[in-house]
1. With n ≥ 4 as the cut-off for DSSP H runs, can you work out [θ] at 222 nm for chain A, using -39500 (n - 2.57) per run divided by the number of residues, rounded to the nearest 500?
2. Considering all alpha-carbon pairs of the protein assembly as shown, what whole percent are spaced by more than 52 angstrom?
3. About the Cα centre of the range B:309-430, what is the dipole size in debye to 20, counting +1 per Lys and Arg Cβ and -1 per Asp and Glu Cβ, all else neutral?
4. Taking 8 Å as the Cα distance limit and 6 or more residues as the minimum spacing, I'd like the relative contact order of chain B as a percentage.
5. To the nearest 10 degrees, how steep is helix B:63-75 against the longest Cα principal axis of chain B, on a 0 to 90 scale?
6. Mind checking the angle between helix A:21-38 and chain A's longest principal axis? C-alpha axes, 0 to 90 degrees, to the nearest 10.
7. Evaluate E = 1/(1 + (r/R0)^6) for A:TRP37 and B:ARG233, where r is the Cβ-Cβ distance and R0 equals 51 Å; express this FRET efficiency to the nearest 0.05.
8. I'd like the Karplus ³J(HN,Hα) series for the range C:234-245: coefficients 6.51, -1.76, 1.60, θ = phi - 60°, whole numbers in Hz, and an x wherever there's a Gly or Pro.
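Just so it is clear, none of the values below were taken in a lab; they were calculated from the coordinates. Treat the numbers as computed from the prediction; the structure is a model and nothing was measured. Cβ sites come from the backbone with ideal geometry, for glycine too, and all protein chains shown count toward neighbours.
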Amino acid sequence: MSVDTATVAKIASLARIKVSEAELEAMVPELNGILAWVEQLGEVNVDGIEPMTAVIPNKQRLRDDVVNADPLTGGDIRDKVLANAPAAEHGFFGVPKVIE
Amino acid sequence: MSDYRIHGATGEWEVVIGLEVHAQVTSNAKLFSGAATAFGAEPNAQVSLVDAAMPGMLPVPNMECIRQAVRTGLAINAQINKWSRFDRKNYFYADLPQGYQISQLYHPIVGEGEIEIQLDDKDPESTKTIGIERIHVEQDAGKLMHDQHPTMSYVDLNRSGVALMEIVSRPDMRSPAEAGAYLSKLRTILRYVGSCDGNMDQGSMRADVNVSVRRPGEPFGTRTETKNVNSVRFVMAVVEQEAKRQVAVIEDGGTVVQETRLYDPDRNETRSMRSKEDAHDYRYFPDPDLLPLELTDDFVAECKASLPELPDAKRHRYETALGLSAYDAGQLTLEVETYQQFEEMLESVARESGAPERDVAKRVANWILSERPGVLRAAGVAVTDPRNTVAANTALIVAVSKGVISGGKAKEIFQQYLTSDIDLAETIASNQQTTDTGAIEAAVDAILAANADKVEQYKGGKEALFGFFVGQTMKAMQGKGNPQLVNQVLKDKLG
Amino acid sequence: MTDLTDLGVAAIRDGVAKGDFSATEVASAFNAAVAEAQDALNAFIVTTPEKALAAAAAVDADRAAGKPLGKMAGVPIGMKDLFATQDVQTTAASKILEGFKPKYESTVSARLWQAGAGMLGKLNLDQFAMGSSNETSAFGNVISPWRRPNDTAPLAPGGSSGGSSAAVAARIAPAATGTDTGGSIRQPAAFTGISGIKPTYGRCSRWGIVAFASSLDQAGPMARDVRDCAIMLEAMAGFDPKDSTSLDMPVPDWEAALNDDLRGKKVGIPREYRLDGMDPDVAASWEQGIAWLKDAGAEIVEVSLPHTKYALPTYYIIAPAEASSNLARYDGVRYGLRDLPDGAGLQDMYAATRAAGFGAEVKRRILIGTYVLSAGFYDAYYTQAQKVRTLISHDFTNAFTQCDVILAPTAPSAAFALGEKSADPLEMYLNDVFSVPASLAGLPAMSVPGGVDRNGLPLGLQVIGRAFDEQGVLNAGLAIEKRAAFSARPAKWW
């Protein structure tokens, strides 16, 4: 499968990365080169093989339902949450007005 | 089978409905972080570094959320998947800090189940089984506010990461009434289980309503999905409006577009959300920050053991073991608070009156369903009023069942008790009805003597006057005459 | 008194403990070395001499008070700028995080500070750890302290932990943290003549490390020798309940159990790693490594890893797919860069911010990842890759029924010059050919110096072990180290 300019434009839009026409043109052959190369995987016989789910055998642990049990993963830290925000007002993050 | 039809210009149309209900899981902390879930906090107060998707933050699932989903699945006789997994649903929006929602697409925790709905609460035969396709667990998004600033929207992440169950029905419903009954029943079950508080006005339950129309017997038509409908009434309205709209589109020669729509309750119509339609491709894939979720048999068994008696079983027991009517059993089991009061009161009344529960069940049911609500209304008092205690209710019911006071007197006393500071036991005692036949005969004699003309009319065939004599006698006795004895004496005297 | 910057982790720890010198003296010496080299090597994005001094002062005070000292007491280290460090800028070498000062500390860095280490600064790296030469950093290339003879052309320090490798090789840090997704600890270690180990996936918590590819990312130490790596890994590793993929296992005392006697051990030589046209110096170094391990008492066996050729394409599907999702959070809303063109709406802001903030290689990988996950392609690419990954993992499981560790080259060549491979992304990707398979299987793997090439540039030998058997890997590494007696070091030109 190879991509054309329109496909790359669509992917870039899905990924929310603005690209110029010139960038698009340059990306098409690069991506096609990489895609053609990874497509050699298609020749591997994977009959009866499960996709990997956990690289090292391990079980999902579950947390106890306790609020702020660990301050590093708890709430009530609004100042820390907002500290690096490009626009924070009245305790909110600000973004350009969204019309729904 | 529902015979609900849209009567179009070209004939009749059947409507096909499926519901995807998002129910907020009752838990203290969020699905993947330790921040609190309580409703109504200051903006961004209940947000952890994990919920704000700071670089390097990782999710660890909350056991209670998993437990509640499993308990919910068990409550609808669903298959519990002991191996499930979380997937990422990728899209960009300001209420979604990670740029993806952690959900379960490929391997949900709960598989197929079913819910029985009853369409007419007076007709136990009017049931229908609605299939459940799956329940999966996922993160809620944050909230955007658009009206606080002229050029900015404000983002509050308090809800971001709160656990939701998405309960997906099969397209088994065929009328607004069925959709409404399904949502109500689902809400009742969730509240029994305790996995969701069911507060629709706080957004704890929202439904995405999938609607399509077809000629009866033909294959499914193209469906639309109306998002975030937050009441039973609105769900029913969406089904009705959307079905009508689709029929009109088709009959005008158009085709229904598969799309996301929004319900506007003010105008009672759905409209397209074109702004959200830009080429959705969610690129689901297993979340590599999480491992497959494997449930042990013990875990599932504990979930099962923790389930309360569920609505259908309870209703059935009320009918068979307690001898209640299907209607009463249905009404008593609709809300958790109602059955809890009923059972508490039943137990208390049976104990106080030394009678088996079955013998007093009908009286307690009547009191809760028909007598007490009127008194509470007249007294202007809520059912949660601190004076409306089990003990007070029990004292009155027992007094009536022992013939100490009449039912009418009980309501009268209860109203006084709720609105003033009377001593209930004393009031009951002082209103004790008399079974002194002599006193009753004296009162009856006086009434008959004072109303000789009416006695003549009665004897002449105007039997409706009997009630008048009863009323006059009771009035003369200040309501304390035993009604059965008063009737008996009157009948004897009037010959 | 010896030049303190010539000392490694063990020597500093022991010297501070014995009172041969103070931790403050060590920190000052390295702070000075860092300052002197910074303009030439660009190994750091920010330096934090005050942090190094403060940690050293605390250690000196503890020692004076007779308190027990930590495993890394008095050792100032460099911290790869992928680890979140509280109130110190953390960028992943990307413009999109410029100025970001986390309000939290990564688990691994917190453990290191807890063990008595101090921070010299945040080390440069390939942007979001995507690269093999450190040329994708938004804060400039790192220049290797190594040079070819009679040639001042700047060489790559390897990547993505290029700031780490350069700093340790240049003796401006006795050790540094690295992270390894497809070889980002091992390849730069090989390029600069130092040691580095990527432990079993899950040994080190990923909490607070800027994510590249979650199922592959693993932190590890980079230091001058095997012992130093063992010491530092003990301080870094350990169960973290905040990371679902963290291993709930005790951390062994790797340093105490170091042993280069390999009698009774079998070393596997994977037949499929003998590539056509292999660099003869690399092949010779590998042969030499085999001879050293034999000398240490090991039995050499040939093993087969039949799906080796598919490891790189598998990696270049899975890693970009995970990255495309992991990097979606950089959107200009909560932290980092925001590019808001006049009149732009929310989605325009995202696209502009991400266009301005991400470098070319990051964009390339996000686009590949987005494409392979998109509707209609997911099964053909992603699911297929995860199946092949299972096969690659099975290959190792099978091989380890016949051997205890595997020996291979770390990289197909010695360090290349900056600019030499950056024009063709695919050629750059091929540099990871020997390191990626162990990453895909989550196995512990280490690079130790294994001689030099015809230009006098270091070559690395890679030891891959069974899951959880870091000790076996370290011991084989130690056996090579003792016999290689690698003493080459870059002449100081900065």
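1. When only DSSP H runs of four or more count, the value is -10000 deg cm²/dmol.
2. Of all Cα-Cα pairs in the protein assembly as shown, 36 percent lie more than 52 Å apart.
3. Taking the Cα centre of the range B:309-430 as origin, the dipole is about 340 debye.
4. The normalised contact order for chain B reaches 14 percent.
5. 60
6. Taking the Cα atoms of chain A, the angle to A:21-38 is about 70 degrees.
7. Efficiency computed from Cβ-Cβ geometry: 0.30.
8. 4, 6, 7, 7, x, 5, 10, x, 7, 10, 4, 9
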